1. Run the simple label-point estimate for THR37 and ALA320 please: 7 Å along Cα→C-beta, distance reported in nm.
2. For ALA80 and ARG177, FRET efficiency with R0 = 30 Å and r from the beta-carbon atoms, rounded to 0.05?
3. Taking 1 over the mean of 1/r across every pair of different Cα atoms in the range 92-139, what Kirkwood radius in Å do you get?
4. Per residue, what volume in Å³ does the convex hull of the Cα atoms of the range 51-134 enclose?
5. What is the distance, in nm, between label points placed 7 Å from the Cα along the Cα-to-Cβ direction at MET1 and at ASN331?
6. Whole number please: convex hull volume per residue, Cα atoms of the range 267-321, in Å³.
7. What distance in nm separates the two pseudo spin-label positions at GLN214 and ALA350, each 7 Å out from Cα along the beta-carbon direction?
8. Quick one: net charge of VAL146's neighbours, Cβ under 14 Å, K/R +1, D/E -1?
Amino acid sequence: MRQVPVNTRDGSYRVLIGRGLLTQAGRLLRELLPGPTAIVVSDTTVARTHGGRLIEALKAAGYGVRLLEVPPGEPSKSLAQADWLYAALADAQADRATPLLALGGGVVSDLAGFVSATWMRGMPFAILPTTTEADLDASLGGKTAVNHSAGKNLIGAFHQPRLVIIDVDCLATLPDRDYAAGLAESVKHAMIADRGFFEWQIANHRHIGQRDPQTLEALIERNCSIKAEVVAGDEREAGPRMVLNLGHTVGHAFEAEMEYELRHGECVALGILAASLIAAHRGTFPSTGHERLVVLLQAYGLPTRLPRPVTVEAVLARLAHDKKVRGGRRNFVLPTAIGEVQIVGDVQDAEIAHAAESLQPIGG
Ligand SMILES: NC(=O)c1ccc[n+]([C@@H]2O[C@H](COP(=O)([O-])OP(=O)(O)OC[C@H]3O[C@@H](n4cnc5c(N)ncnc54)[C@H](O)[C@@H]3O)[C@@H](O)[C@H]2O)c1
Ligand SMILES: [Zn+2]
């Protein structure tokens, strides 16, 4: 079992990574989260495939268990779904000491995290991620949220988990498309912080694609370490943490414009490419770096173009709206080299338009 410590002002916790950890989860959680009853939030797909093993382990460790299932997919990250969970918590007489466990992908951990942050002003929370997206990114850092019609993740709270337990065996059942999508966050982390890790991913892409458990453990550990390092000391995103938004500015605009028909990670891949194109066009990122980026994204089976045309004006309108909602700032994270980024405040609409044009489908 590998361990990554995460230190924040709001508390320190560990990320545990290994095979078969779901079956040990009761024992691992028991030390940190006492209580007669544990609430498990999952989606119906994950509950069916992995819920049984977790519930058995929790019961063996002496917990009573209440399983709350939401429909799979991004629409579950809503206030309506949070409201349904609050009612279920009231019904279960959950209080400030009741542990709430998220079993699933980023949708489940963001939603359950938000509910655990707000129910009675905060209940203890742990995450058992089951997607690459959640293993490599969403489980770590304490950001929780639901979406609003005005934009993604607009209603949220910072709430650190007490423990993250990553059972790499869960990834065996993840559909190929979701599996590949989450790897975009690994490309992001390497682009931000570690050229050697970027090249390691290119060299190991076959093992990663085959979901070799040992390679996955190493991949997840390095991603968690990079994110933990960036998040430490800046868990409220006042400064350095902003670099984690690489690919997410234009990525979120694509995500909304495609009406969530693309996966979050697929949009992040396209967003990183947009940032890379903008930087290359400015002459602040070598074109060889851009080519290397395309190599890794393609090796992972991630899109390097939009699947259908998206109007550039619509993307710019989304970004303008986003800027307004977020207090008039539009900071862009741009690569300067593989493994290095800078934050730039003066990216013009014309530069974004040019990048978005270059990502249109061929002949589209
Ligand atoms: N809080 C953060 O810091 C943070 C970081 C990154 C992403 N996110 C959020 O995460 C969300 C995306 O997460 P996601 O990609 O994990 O999506 P998801 O939770 O919707 O999971 C994707 C799909 O895979 C299914 N699934 C999950 N695990 C499975 C398994 N082991 N076997 C079979 N099927 C499985 C789910 O039912 C779902 O249909 C977005 O809303 C994004 O905003 C948050
Ligand atoms: Zn992301």
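1. The modelled label-to-label distance comes out at 5.1 nm.
2. The value I calculate is 0.70.
3. Evaluated over the range 92-139, this radius sits at 10.7 Å.
4. 90 Å³
5. For MET1 paired with ASN331, the spin-label model returns 3.7 nm.
6. Taking the convex hull of the Cα positions in the range 267-321, it is 85 Å³ per residue.
7. Label-label distance for GLN214 and ALA350, simple model: 5.5 nm.
8. Net charge in that neighbourhood comes out at 0.
Read-outs throughout are calculated quantities, based only on the coordinates presented, and are distinct from any laboratory measurement. Quick caveat: nothing in here was measured; it's all calculated off a predicted structure. Note: ideal-geometry Cβ built from the backbone for every residue, glycine included; neighbour counts use all protein chains shown.
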